[in-house]
Amino acid sequence: MAFFNALRDVPITRKSEFTIRGVEPHFRSPGHYDAAWTEFRRTQEADKNSVWVSCGDLTDDDRPSTRERRKAMFADRTEAYTQEDKDYIKGLRQQMDIKIGRIADSCAGMVAGDHYRLFANGTNSVELICKWYGIPYLGERMGPVRLTFFRADEKKKGQRLSASGASLQYNMIVRHGRGGGTTNGADVNALERQNKEFDADLFMGGHTHKANAHPRAILRPNQAFNGWKERTIWYVRVGALLRGFMPGKELYPEKKEYGPLLVGWGECTLTIGRPVAANRNLEIMKSVGKTVVL
Ligand SMILES: [Fe+2]
């Protein structure tokens, strides 16, 4: 697991918006909805005040059981495994250049979920993709990301203010997720339950291909001990860019008798501002979690 601190300068005079998007693309699957990816990529590219994360299943490669079988298949022929990796990596690079090359700079991290390729040398396809584009690899299944926002000097444009309270840390836990219920309620509960022992401001999860965004308020006694300090944390299940039922195709979700899958992504938009009292810290004045469904 890697800890990644994405320093973001958000020049704040009065208030400023910043969006974090979570996506599970499933590239290379026959059900991958490429028009939805294009929509996501364009949205991300046009929004300079944003980052995105991959919640796993970036590609629709081997699942845990097929990874084991592939390893066993080449047990006595490592050179054949290496050769197959080479061919695969070539195609993957070409595809990823086209798909994520243009928005790689604003990617704050990727986790390896269920589907990824394990190479003969022990590394995996998500790790390799991250290395190619300088994206933080957050590890298998889950990893934390911290965004640090800075207040800029209003007179000297763009210069960071170093005064205390001129920065704001926002912690996220990006996970793939496991299991899942049939109902929407069970899906929300599962994401909350799996993060129960973790403290962060935003939890993003994938895996179930459902889409929902759910806030929770946390109260603790304030510093002066004369009132409550309130914080809102968000749980966002990001859907996936994968269609399960298509005319003329027998896709895996249909064969396994899954429910219809939601195609889209999840996001959380923060309005960061300076409270009225000028000597106060930067604060999140508003947060909106939502799902974009196509
Ligand atoms: Fe998935």
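Summary of computed values
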| read-out | value |
| --- | --- |
| Label-point separation, Y133 to R220 (7 Å along Cα→Cβ), nm | 3.5 nm |
| Förster-model FRET efficiency, 30 Å R0, A35 and R146, C-beta, rounded to 0.05 | 0.35 |
| Qualifying GluC sites (Glu not before Pro) in the stretch 215-266, DSSP loop, other Cβ atoms within 10 Å at most 16 | E250, E257 |
| Using alpha-carbon coordinates, inclination of helix 34-46 to the longest axis of the chain, degrees | 30 degrees |
| Where labels lie 7 Å past Cα in the beta-carbon direction, separation of T78 and K249 in nm | 3.8 nm |
| Estimated dipole of the chain in Debye, rounded to 20 [Cβ of Lys and Arg +1, of Asp and Glu -1, Cα centre] | 900 debye |
| Ranked W228, W234, criterion: other C-beta atoms within 10 Å, fewest first | W228, W234 |
| Amide hydrogen neighbours beyond the local backbone of V263, cut-off 5 Å, H modeled | L294 |
| Nearest 10 degrees, 0 to 90: helix 78-99 Cα axis against the chain principal axis | 50 degrees |
| Among V188, L202, A152 the positive-end extreme of the charge dipole of the stretch 149-213 (Cβ point charges) | A152 |
| The stretch 110-126 - phi-based ³J(HN,Hα) in whole Hz, Karplus 6.51/-1.76/1.60, Gly and Pro as x | 9, 10, 8, x, 8, 9, 6, 9, 9, 8, 4, 7, x, 8, 10, 5, 5 |
| Gyration tensor (alpha-carbon) shape descriptor, the chain, a/c threshold 1.5 | prolate |
| Gained length - D199 relative to N184, 0.36 nm times residue gap less alpha-carbon distance | 3.1 nm |
| Residue-span extension gain [A163 to I284] - 0.36 nm each, minus C-alpha spacing | 41.7 nm |
| GluC sites (Glu not before Pro) within the stretch 105-206, DSSP loop, no more than 15 other Cβ atoms inside 10 Å | E154, E197 |
| Estimated D of the stretch 131-190 in µm² per second, where Rh is the Kirkwood radius over Cα pairs and Stokes-Einstein applies at 4 °C, 1.567 mPa s | 85 µm²/s |
| Estimated 222 nm signal from helices in the chain, with DSSP H stretches of n ≥ 4 weighted -39500 (n - 2.57), rounded to 500 | -7000 deg cm²/dmol |
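Each value in this text was obtained by applying a stated rule to the coordinates, not by laboratory testing. All values derive from a computational prediction rather than experimental measurement. Please note: Cβ atoms are built from the backbone with ideal geometry, for glycine as well, and neighbour counts cover all protein chains shown.
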